[in-house]
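Q: Here's a structure for you.
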Amino acid sequence: CEHRCVKSNVLNYLKYGEFEETVHHFEKECKNKGKVVPKPRGNSLRDSKTLIIQKDLLSSFDDGDFKVFFELWTEFVPLEVRDCDPHAQKLEFYLHVHFTIFPLKIHLGRHDRADFEVRITHFKNYLETRGAALSQTTEFLPYYALPFVPNPTVHPSFRDLFQDSWIPEMKQELEKFLTVTLKVSNTPRLLSLYQLQLQLAEAEKRTSSYMRRFNKMQADHHNLIGVTAELVDSLEATVSGKMISPEYLQSVCVRLFSSQLRQSAAQSIDFTRPGTGYYSMSPYDDGYVSFTEVFIHFVLRPKEVPLLPSLDYDKLKRDLLGGSDRLKALLLQALCWRLTRSLQGEQRDTVLQAYISNHLLDHHSTRQKSVLLLMRSKNEMVRQYMARLINAFASLAEGRVYLSQVPSLLRLLIDSLRTEEKDSVSRENVLGALQKLSLRRSQQSAMIEDGLIDWLVDELQDSDCLSDYTLEYAVALLMNLCLRTRGRKRKCAENPKHVLKVLTDLLGHENHEIRPYVNGTLYSILCIHAVREEAKEMSMEEILRCYSREENPELNRQIEFIIKQLNSEGPESDDEEEDDDDEEDAIETDLDKEEVLQLQPRELSGETLLTTEYLGIMTNMATRVKRRSAAPLGRSVDEPLQRPVTPSSHRNTHIMQVVHTHRHTHTHILYKHIMKQCILD
């Protein structure tokens with residue numbers, strides 16, 4: 001019996017793979033050796049059962065028997081399909097609507113009215129459990145009011161549900177779904193066993209990795225418990241008047257931070273030196289310096305970094321303008337890397353100042369061509385790396401000042417934005433550069449005049465087709481432009497219904513990073529009377545309150561501010577005389593993502609290319625110290641954004657506020673460092 005089973009599985013696999021000659025020889029050899037040629041196991045029994053289940057589900061649908069239907073639905077539709085397939089979730093939602101209003105399709109008697117109340121209760125329970133996840137989707141929002149409407153048959157929001165075509169269309173969708181979902185797999189058992197074996201090996205590999213991590217965490221935990229116990233004993237001893245030796249503190253330091261820092265660094269602290277362990281000569285404190293201060297000063301202090309070699313920028317620009325497309329792309333990549341991969345501080349500032357003082361992107365005289373014209377190159381790779389370099393410039397405050405003084409830049413970027421392929425790396429970097437440049441008012445004005453608000457609204461209309469980067473920077477750019485009075489009055493007020501529809505749809509998007517910018521845009525444009533009136537006509541307040549049901553206090557308070565703005569009647573403020581407030585440096589960690597240049601043999605790239613072929617005389621100038629002040633946020637943490645921001649800097653706004661509040665709390669700083677090191681490990 002066992003041999004027949006094996007032969008059957010082998011034969012199934014051969015037929016599945018369409019090995020016709022092999023199947024013929026296999027059957028012939030089995031026959032010659034007197035072996036029973038097994039017939040492939042059919043699925044007739046399972047197919048029959050599947051058809052019965054489908055028939056029962058469709059019959060329950062026709063009869064309006066929601067109890068039987070959902071029992072079968074839960075039992076036979078796989079859980080991963082019900083929980084993860086958007087089409088299944090959508091279908092399940094509308095099935096609940098169908099069964100809820102089923103009694104309303106016929107003449108309501110006393111018995112039917114009681115049945116309807118039971119169905120309403122069942123629907124409410126669904127909305128509060130499995131259906132809660134869909135409450136952020138605009139398509140389903142009206143149906144959350146269904147249980148509270150006295151007579152849904154006459155309510156305009158539910159008119160489509162009572163059309164004669166609604167039930168047949170629903171049944172057709174259900175039949176299609178059941179045919180695909182409950183279809184019996186024809187995969188051979190032999191192949192299924194092989195796939196399971198691979199999955200088992202992968203699971204064992206992950207388990208082994210998790211066990212190693214668990215053992216390390218357990219060892220660290222035991223070490224931490226031991227150190228904590230000793231420190232408690234030491235604290236008790238100091239209360240009794242006993243002294244703690246510097247050597248003991250040093251040994252605790254080594255044990256506590258050995259997994260995060262090099263042991264030699266921890267051992268380099270000398271607690272016996274006057275002024276480093278117990279007393280300070282500084283006139284600004286009380287003479288006592290804590291152990292944590294000493295540890296931060298000697299172990300965590302930043303190390304000095306060397307400046308990068310100077311370059312021959314005249315030769316660089318000649319090759320950027322006259323070299324091959326391959327050389328141009330490699331040079332642009334290297335120049336971008338020099339900026340993005342340099343260390344923040346004096347090294348990066350020196351690189352940027354060298355680019356600016358040597359007019360890397362713009363021409364110094366009218367006779368020279370501008371490197372920026374590479375944005376119109378016929379070679380896509382050259383355009384992409386040119387866009388990357390501009391985006392890197394725009395990520396730094398001094399870089400934005402420089403770019404803002406180049407007259408042709410915005411025209412080149414906006415033309416590229418409209419002509420590059422959707423969600424290409426080139427267009428993503430162009431969009432990122434424009435968004436960062438929109439922190440400056442002169443650039444905002446030019447973008448508004450160029451009709452960029454209309455383009456952004458149209459682009460965001462189909463937000464599901466956009467990458468996360470494009471979506472976040474497009475919404476943030478729209479907010480920065482709508483913060484300006486001329487952007488609100490001249491553009492958003494022209495077609496407020498369209499703008500509000502796009503923004504309310506974005507509120508329900510699964511990418512929650514965009515919500516602060518959507519809220520900020522809504523708050524800004526609702527100060528226009530025409531926009532407020534349109535928002536009231538489309539029941540904007542009810543839509544906003546649907547989103548405030550989330551367990552997110554900050555979001556809820558922002559929505560309350562927007563609703564207050566919606567219901568206000570005050571005059572619009574004029575912001576045209578405000579000054580720039582742009583001191584943010586915001587280079588993204590993934591600015592160099594999706595590198596497409598593949599090096600050929602003996603080909604140089606990056607810093608090696610620059611220092612080998614373009615090394616210049618030492619012209620590094622001392623970088624002037626830039627005065628940095630805390631950028632005014634213009635709002636409390638819970639209010640919608642009312643100042644121009646860029647996504648890469650806004651993500652850390654709340655963290656920076658906490659750090660600023662605790663800037664004198666050294667224990668807080670030390671804790672942050674330890675946590676960062678643990679995450680990196």
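Q: Pairs needed: first member in region 548-571, closer than 21 Å to A133 by Cβ; second member anywhere, at pLDDT 85 or above; C-beta distance under 8 Å; at least 6 residues apart or different chains.
A: Correct list of pairs: S548/I559; S548/E560; L555/R515; L555/N519; I559/N519.
Q: I've got another one for you. Of the residues that make up region 472-480, is at least one of a type in the set (D, E), part of a helix (DSSP H, G or I) and either touching a Pro at 6+ places or on another chain (Cβ under 7 Å) or assigned by TED's automatic domain parsing to the domain that holds V430 (or both)?
A: We begin by selecting, within region 472-480, every residue of a type in the set (D, E); these are 472.
If we keep only those that are part of a helix (DSSP H, G or I) as well, we get 472.
Remaining after also requiring either touching a Pro at 6+ places or on another chain (Cβ under 7 Å) or assigned by TED's automatic domain parsing to the domain that holds V430 (or both): 472.
Yes.
Q: Scan region 359-410 residue by residue and report those that are of a type in the set (A, V, I, L, M, F, W, C) and not in a helix (DSSP H, G or I).
A: L360, L361, L396, V406
Q: Restricting to region 413-445, count the residues that are more than 22 Å from the chain's Cα centre (by Cα) and part of a helix (DSSP H, G or I).
A: 11
Q: While we're on this one: Would you point out the residue of region 607-621, among those that are in a loop (DSSP other than H, G, I, E, B) and among the β-branched types (V, I, T), that is modelled with the lowest pLDDT?
A: Checking each candidate, the answer is T619.
Q: If P147 satisfies all but one of (1) exposed (fewer than 13 other Cβ atoms within 10 Å of the Cβ); (2) in contact with a helix residue (DSSP H, G or I) (Cβ under 8 Å, 6 or more places away or on another chain), what's the number of the condition it fails?
A: The failed condition is (1).
Q: A further question on this structure: Would you kindly identify the helices (runs of 4 or more DSSP H) lying entirely within region 50-129 that contain at least 2 residues that are among the aromatic types (F, W, Y)?
A: 66-76, 86-101, 110-128
Q: Okay, next question. Identify all residues within region 70-82 that are modelled with pLDDT of 85 or more and charged (D, E, K, R); write none if there are none.
A: Within region 70-82, E71, E75, R82 meet the criteria.
The values are calculated or read from the model by the stated rules, or taken from the named source; none is laboratory data. Remember, predicted model here, so these are calculated numbers, not experimental data. Methodologically, a virtual Cβ is constructed for each residue, glycine included, from the backbone with ideal geometry; neighbour enumeration extends over all protein chains shown.
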